[in-house]
Ligand code: EZ4
Ligand code: CO
């Protein structure tokens, strides 16, 4: 069996997505997500110019060898652009292998370890009351886990707070928009959100919160402590993790579970965090961390240290990534939770998929492969449109972490 063609499809059904489609001489094809929010065309070009020529003529069954060929063979290892491109190849190859086997991908990963994949939705509001009403809506929809973010009093705009509730899209402008940030104001207000949520909804639902890399380790330690009475499922991205050792300080001070990793692209980005048990959930994804092959490696490593999966699942990860992630999530022993931000109808139409939501869980479906396809004719009707994530500044104008 041979790869005869591979094409890169860029489409913007409400937001940009990059997809790799690998075609074989037996007519079977596979697809992989290659979307890197705000840097989409860098990955499209990396694939088109550098990986596609090396794929033609190869046996699509040699998934591990092809992975190593692109990882070691690049000489320039790691980095989000490289690893997203490798992920797209890897995901498409697993899709092909599972289709040829006539099995849903999870069967090739060891079969089901659980009945469904618990997901969490996003409740956002301008203030605590509005967020609380959004939480109520998610509970009515059957969610068992909800991430809650509320506007910070005294700040004009805050991360995670959107106008369009169910379809929050942070990449909102063709040049980066600017947000303002005050750590002091945030630290004063954030614990009250969870105090009010527990008062209104009790301790049944799981609540999560995303700090979005905005604190220093000692500030994060303080916040984690303040959250303790409200028993959060996790505190996410408490501090930037380029310096993995920074988490030692947070860990010393709080029992609030810690999650990090949506911007990581290899196992080396979380090696210390996992081996020293500084975190509880690792948020690396299929699309940004080298595909099924590498993500499985990270999760197996994590399983040795009581660290569970918590895959990133925002709208900038295409339905292909979501489908692949669900197959991995239902199979691995150390699954934690899966983020699930709903895609718009236009996106779901471009990417028909077998997965479905029921009672707070997503189910990958039984279609051979990862169960997600692309309608190329429809995709062609939505041309690329440049879009950036916002940037963030402190009140004195200094650049801060968005
Ligand atoms: O900001 O996906 O947990 N989810 C998040 C997301 C990220 C975007 C970045 O591309 O933090 O909203
Ligand atoms: Co996040």
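Where a number appears in this text, it was derived from the coordinates with a stated rule and is not lab data. Predicted, not measured: the structure shown is a model, and the values here were computed from it. Counting neighbours? That spans all protein chains shown, and the Cβs are built from the backbone with ideal geometry, glycine included.
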Q. To the nearest 10 degrees, how steeply does helix 80-101 sit against the main Cα axis of the chain, on a 0 to 90 scale?
A. 60 degrees
**Q.** Proxy reagent accessibility, fewest Cβ within 10 Å first, across 207, 357, 335
**A.** 357, 335, 207
Q | Tensor-based shape of the range 3-104 (alpha-carbon gyration tensor, a/c under 1.5 rounded, otherwise prolate or oblate) | A | oblate
Q) For residue 5 and residue 384, what is the calculated FRET efficiency with R₀ set at 30 Å and r taken between the beta-carbons, to the nearest 0.05? A) 0.90
Q. Which ordering of 308, 342, 214 is given by a fewest-first count of other beta-carbon atoms within 10 Å?
A. 342, 308, 214
Q: State, to one decimal in nm², a quarter of the convex hull surface area for the C-alpha atoms of the chain, i.e. the direction-averaged projected area.
A: 18.1 nm²
Q: Kindly list the residues of the range 311-335 that lie in the label zone of residue 375, defined by a backbone N under 19 Å from the point 7 Å along the Cα-to-C-beta vector.
A: 318-323
Q) Tell me, in nm to one decimal, what length is gained between residue 359 and residue 253 on full extension, where the rule is 0.36 nm per residue of separation less the Cα-Cα distance? A) 34.6 nm
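Taking every DSSP beta bridge that has both residues in the range 257-364, what percent is antiparallel when rounded to the nearest 5?
Bridges in the range 257-364 that DSSP calls antiparallel: roughly 40 percent.
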Q. What is the fewest-to-most order of 345, 185 by other Cβ atoms lying within 10 Å of their Cβ?
A. 345, 185
Q: Give, in nm to one decimal, the length gained when the segment between residue 136 and residue 398 is fully stretched (0.36 nm per residue of separation minus the Cα-Cα distance).
A: 90.6 nm
(Q) Angle check, please: helix 183-201 long axis (alpha carbons) against the longest principal axis of the chain (alpha carbons), in degrees 0 to 90, nearest 10. (A) 90 degrees
Q: Compute the length gained on full extension between residue 64 and residue 242: take 0.36 nm times their separation in residues and subtract their Cα-Cα distance, giving the result in nm to one decimal.
A: 61.3 nm
Q: Measure off 7 Å from each Cα along the Cα-to-Cβ vector at residue 268 and residue 172, then give the distance between these two points in nanometres to one decimal.
A: 3.7 nm
Q. Where both residues lie in the range 108-366, what percent of DSSP beta bridges are antiparallel, nearest 5?
A. 20 percent
Q) Per residue of the chain, what 222 nm ellipticity follows from adding -39500 (n - 2.57) for every DSSP H run with n ≥ 4, rounded to the nearest 500? A) -10000 deg cm²/dmol
